[in-house]
Amino acid sequence: MEIEFHGANCVSLVAKSAHLLVDPTVPGLKVDEKKADIILSTFPQSLKTTGEQLLIDTPGEYEAKGVSIKGIAARGHMEEEGGRLATMYRIDMNNCRLAVTGHIYPELSDEQLEALGTIDVLVVPVGGHGYTLDAAGAAQVVRAVEPKLVIPTHFADSAVKYEVPQAELQLFIDEIGGQVQEEAKLKFKTGDFPEQMTIVTLSRTS
């Protein structure tokens, strides 16, 4: 299985059975949406898909291409208390348990954590400045979920046109501490995870 980072909060998850694409909507991203079998959006928005693609942008349970997906309602980062416009996802794919948070408020309830369950790989934005989780908020989510691998997204990048400036990735690394692994793309097999939680920083695919 492979995980590739395209910039902003956009990642692709690729296995033999399916190709998933998450949040491919920020201007400037160079990603071919037509390659994806399933497109996940962590916030409701207008996305164009081919007739054969499955688009998921709301909470619920889904099955497609041998992949199980659970959408979990969450308070968006900019929402007032009680809001639930954002969607987190738990993805069971190739016997790997992944989670993508999107731009959520950092305090997760026991119910949300139970819905996520045990997670191997967590994808979480870290750029802050009012747009999304900052280093401290992202670290709070990571500590609550306790994944084996953490893939940070949505940090400062001169090639991506953000609505507001985003913080440097190093702020999150310093906040969370622990092991850091740099990769062009993440390739792994089932059960191939370190004993200690590791931050994996992926190069943006251009």
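Laboratory data are not the source of any read-out in this text; all were calculated from the coordinates shown. In this text the structure is predicted, and so the values were computed from the model without any measurement. Cβ sites come from the backbone with ideal geometry, for glycine too, and all protein chains shown count toward neighbours.
The count of lysine pairs in the chain whose Cα atoms are under 15 Å apart, excluding pairs fewer than 8 places apart on the same chain, comes to 10.
Considering only A15, P27, T42, the residue lying farthest towards the positive end of the dipole of segment 2-202 is A15, judged by Cα position with unit charges set on Cβ.
Each principal axis of the chain carries a Cα extent, and these read 42, 37, 37 Å when sorted largest first.
Loop-located trypsin sites (Lys or Arg not before Pro) across segment 143-206 with a Cβ neighbour count of 15 or fewer within 10 Å are K161, K185, K189, with loop assigned by DSSP. Here segment 77-167 is described by how far its Cα atoms reach on the three principal axes: 36, 31, 20 Å, from widest to narrowest. Of the GluC sites (Glu not before Pro) found in segment 109-173, the ones in coil according to DSSP and having at most 16 other Cβ atoms within 10 Å of their Cβ are E163, E168.
What does the highest-first list of 77-86, 31-40, 98-107 look like by mean Cβ count within 10 Å?
Top of the packing list down: 98-107, 31-40, 77-86.
Please give the FRET efficiency for L55 paired with A136, using the beta carbon to beta carbon distance and R0 = 35 Å, rounded to the nearest 0.05. Taking R0 as 35 Å, the efficiency between L55 and A136 is 0.60. Only DSSP H runs of four or more residues enter the estimate; each adds -39500 (n - 2.57), and after division by the residues of the chain the mean residue ellipticity at 222 nm equals -3500 deg cm²/dmol.
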